[in-house]
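The values are calculated or read from the model by the stated rules, or taken from the named source; none is laboratory data. In this text, all values refer to a predicted model and were calculated from it rather than measured experimentally. Note that we place each Cβ from the backbone using ideal geometry, even for glycine, and neighbour counts take in every protein chain shown.
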Amino acid sequence: MTLTEPIIRVDKVSKRFRLRLQRPFILHEALRRLLLRSTQKDEDFWALKDLSFSVPKGGSLGIVGGNGAGKSTLLSLLIGASHPTSGTIMVSGKVGALLELGAGFHPDLTGRENILLNASLSGLSQSDISRKMSDIIDFSELGDFIDVPIRNYSSGMNVRLGFSVAIHVDPEILIIDEALSVGDADFQKKSLDRIQQIKSNGATFIVVSHSVGTVESLCDQALWLDHGKLIMHGEASEVCAAYASGSFPQA
Amino acid sequence: MESIHKFKYTVWNLILKDFKTQYRNMSLGVLWSVLNPLVMLGVLIIVFGYINRNAPQENFAVFLLLGMIPYNFFSLCVNSSTSSLINNSQIIKKMSFPRLIIPLSTVLAQVIHLIIQLGLLFLFVIISGIPITLSFLWLPLIFMVELLFILGVAMICSVLDVFFRDTKYIVQSILTVLFWLTPIFYSASRAHDNLPNLLYKLFMANPLAGCIEAARRAVLFNSPPEVDLFVIACIVTLASLIIGFILFRKLEKNVADYL
């Protein structure tokens with residue numbers, strides 16, 4: 001029994017990708033697999049291996065690690081887009097997420113139409129969305145571009161819109177992946193202020209970043225992943241210091 | 001299922017999305033929905049009404065439309081829903097929601113074409129001077145059965161296409177085969193007369209054939225569907241829904257990993 005009930009609990013989670021299998025499967029490959037079954041094994045790739053941690057309600061967690069560490073895989077498991085091969089994940093609360101550039105946007109739709117689609121997919125009701133529409137547009141600072149198909153947007157505009165939707169769905173858990181680094185300095189500052197505000201309202205916050213500075217300033221806990229394994233989990237400052245110096249802690 | 005209900009507004013937004021993206025880049029827009037069948041109708045009338053005069057039907061245009069409209073709707077829905085999960089990979093990979101709403105909304109987005117083409121049908125009914133009778137009330141039921149059959153097929157094809165990308169091409173081939181093996185430009189009675197009984201049963205197990213036949217009886221002959229044929233269509237429809245639903249539920253968990 002802990003004092004604060006965890007809002008996210010990840011228990012012995014592993015995620016396997018089968019390199020041979022996990023691409024859409026073509027007939028001649030299926031035949032080859034059948035014939036070579038005895039001699040060739042699937043090349044298993046474990047993007048995450050036996051990962052356990054929890055995040056208390058209102059806590060904030062930064063995830064650091066190099067390319068291919070399993071950070072993005074972990075996020076897609078947390079938002080429920082993908083499912084673990086083994087282990088369990090419990091996430092109890094409404095999630096607002098911005099994964100990579102332009103979370104779930106359709107290039108042919110305008111910014112406004114994408115807000116509708118994206119917010120309703122996040123589980124917002126029609127009345128909630130129409131109430132928040134102007135706030136979302138204001139925050140994104142897209143002005144007249146809001147009625148232009150987003151395939152004409154720059155990557156910075158894309159992120160501004162994605163971030164603006166993510167923070168306006170009243171998330172109990174806010175998940176941001178790198179993306180913020182794309183916006184300009186003013187927008188970054190505004191976003192960070194808003195994240196602080198959402199955090200102080202009691203929301204849980206998770207960020208993935210290459211930048212140790214972002215994690216240190218925004219998170220109280222941090223998690224260091226390397227090749228799918230948990231290297232270190234603890235105070236943000238300690239984990240970041242260890243990660244920055246590249247020294248693996250003594251296990 | 002209740003989660004689908006929760007996402008009602010999302011389904012509506014996805015329908016609008018499909019509709020807008022489909023026509024945003026075309027100047028004639030929704031008019032295509034009328035022009036396509038008119039061109040096809042003209043060709044079929046020339047081929048089977050003049051060149052190869054072996055189908056001397058009364059009200060041949062209406063007869064053809066009653067075959068083409070259900071087939072067109074089927075073909076449009078199945079084609080678009082087969083690639084629907086792949087086309088929506090951007091939102092599937094980045095958000096969590098019941099994947100079923102993707103093929104569902106893709107199919108529902110095509111209903112507008114059905115409605116427009118039914119309008120065209122009624123225009124031809126009126127021009128041909130066919131009396132509008134109470135038997136027309138069978139039409140909503142008939143198209144509902146077709147829609148349900150399409151949903152079953154859409155669930156199967158969409159989820160299979162993610163794991164097995166050849167599905168799309170297999171579907172296209174089957175649609176071509178179905179164009180000839182569905183009573184579109186000939187009547188089911190000709191199949192009845194010229195096919196061995198067992199093959200004819202197989203021929204009518206295609207719910208499209210059952211629906212087209214029932215629609216023709218209602219509009220052209222002011223009579224209800226033939227019970228056993230329509231029941232077969234309903235049973236096959238139910239089977240497609242059950243198989244589709246089970247298959248989809250079983251595979252949807254891993255869809256994001258394969259996109």
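Hey, which of the helices (runs of 4 or more DSSP H) in region B:34-139, taking only ones fully inside, have at least 1 residues that are out of contact with any Pro (no Cβ under 6 Å at 6 or more places or on another chain) and of a type in the set (Phe, Trp, Tyr)?
The qualifying helices (runs of 4 or more DSSP H) are B:60-82, B:111-127.
Mind telling me which of the residues B:228, B:257 ends up being at pLDDT below 95, among the acidic types (Asp, Glu) and more than 30 Å from residue A:48 (Cβ to Cβ)?
B:228
Which residues, taken from region A:47-62, are in a strand (DSSP E or B) and away from chain B (no Cβ under 14 Å)?
A:49, A:50, A:51, A:52, A:53, A:54, A:55, A:56, A:60, A:61, A:62
Can you confirm whether residue A:206 is surrounded by 20 or more Cβ atoms within 10 Å (Cβ to Cβ), at pLDDT 90 or above, part of a helix (DSSP H, G or I) and not aromatic (Phe, Trp, Tyr)?
no
Working only within region B:231-247, note down all residues that are more than 21 Å from residue B:99 (Cα to Cα) and polar (S, T, N, Q).
B:237
Restricting to region A:121-140, give me the number of residues that are in contact (Cβ under 8 Å) with a residue 24 or more places away in the chain and over 26 Å from residue B:101 (Cα atoms).
Total satisfying the criteria: 4.
Given the conditions (1) among the aromatic types (Phe, Trp, Tyr); (2) closer than 17 Å to residue B:71 by Cα; (3) within 14 Å of chain A (Cβ to nearest Cβ), report the number of the one that residue B:258 does not fulfil.
Condition (2) is where residue B:258 drops out.
As an exercise: evaluate residue A:108 against (1) over 30 Å from residue A:51 (Cα atoms); (2) outside any loop (DSSP other than H, G, I, E, B) and give the number of the one condition it does not meet.
It fails just one condition, (2).
When region B:166-187 is examined, which residues are found to be more than 24 Å from residue B:65 (Cβ to Cβ) and in contact (Cβ under 8 Å) with a residue 12 or more places away in the chain?
Once the filter is applied, which keeps residues that are more than 24 Å from residue B:65 (Cβ to Cβ) and in contact (Cβ under 8 Å) with a residue 12 or more places away in the chain, region B:166-187 yields B:167, B:168, B:171.
If I filter region B:139-155 for residues that are more than 14 Å from chain A (Cβ to nearest Cβ), surrounded by 21 or more Cβ atoms within 10 Å (Cβ to Cβ), of a type outside the set (Ser, Thr, Tyr) and farther than 14 Å from residue B:74 by Cβ, do I get at least one hit?
Yes - at least one qualifying residue is present in region B:139-155.
Test each condition in (1) closer than 30 Å to residue A:76 by Cβ; (2) of a type in the set (Val, Ile, Thr); (3) in contact with a helix residue (DSSP H, G or I) (Cβ under 7 Å, 6 or more places away or on another chain) for residue B:246 and report the one that comes out false.
(3)
Just to check your reading of the model, which residue among A:65, A:104, A:70, A:80 is in contact with a His (Cβ under 8 Å, 6 or more places away or on another chain) and either at the interface with another protein chain (Cβ under 8 Å from one of its Cβ atoms) or crowded, with 22+ Cβ neighbours inside 10 Å (or both)?
Only one candidate passes the filter, namely A:70.
Select from region B:87-100 the residues that are crowded, with 20+ Cβ neighbours inside 10 Å, closer than 14 Å to residue B:6 by Cα and under 24 Å from the mean Cα position of the chain (by Cα) and write down the one among them that is farthest from the other protein chains (Cβ to nearest Cβ).
Checked region B:87-100; the qualifying residue farthest from the other protein chains (Cβ to nearest Cβ) is B:100.
Give region B:164-180 a look and list any residue that's farther than 20 Å from residue B:73 by Cα and crowded, with 17+ Cβ neighbours inside 10 Å, or say none.
B:165
I'm trying to understand the selection: among the residues of region B:160-208, which are among the hydrophobic types (A, V, I, L, M, F, W, C) and in contact with a Pro (Cβ under 8 Å, 6 or more places away or on another chain)?
B:162, B:163, B:164, B:191, B:208
Can residue A:96 be described as closer than 18 Å to residue B:94 by Cα, surrounded by 23 or more Cβ atoms within 10 Å (Cβ to Cβ) and more than 8 Å from chain B (Cβ to nearest Cβ)?
yes
Just to check your reading of the model, which residue among B:30, B:78 is touching a residue at least 60 places away in the same chain (Cβ under 8 Å) and crowded, with 22+ Cβ neighbours inside 10 Å?
Selected residue: B:78, the only one of B:30, B:78 that is touching a residue at least 60 places away in the same chain (Cβ under 8 Å) and crowded, with 22+ Cβ neighbours inside 10 Å.
Hey, can you tell me all the residues within region B:37-71 that are at pLDDT below 85 and polar (S, T, N, Q)?
Residues satisfying the conditions are B:52, B:54, B:57.
Could you tell me which of the residues B:240, B:223 is closer than 20 Å to residue B:62 by Cα and either surrounded by fewer than 22 Cβ atoms within 10 Å (Cβ to Cβ) or among the charged types (D, E, K, R) (or both)?
Within the list B:240, B:223, the selection yields B:223.
Filter region A:106-142 down to the residues that are in contact with a strand residue (DSSP E or B) (Cβ under 8 Å, 6 or more places away or on another chain) and modelled with pLDDT under 90, then identify the one that is farthest from residue A:166 (Cα to Cα).
A:108
Filter region A:107-120 down to the residues that are crowded, with 17+ Cβ neighbours inside 10 Å, touching a residue at least 24 places away in the same chain (Cβ under 8 Å) and facing chain B (nearest Cβ under 7 Å) and list them by number.
Correct list: A:109 only.
So if I check each of A:143, A:156, which one is away from chain B (no Cβ under 11 Å), free of Cβ contacts under 8 Å to residues at least 40 places away in the same chain, surrounded by fewer than 16 Cβ atoms within 10 Å (Cβ to Cβ) and on the phi > 0 side of the Ramachandran plot?
It is A:143.
Would you point out which residue out of A:129, A:89, A:136 is within 14 Å of another protein chain (Cβ to nearest Cβ) and in a helix (DSSP H, G or I)?
None of the others qualify; the one that does is A:129.
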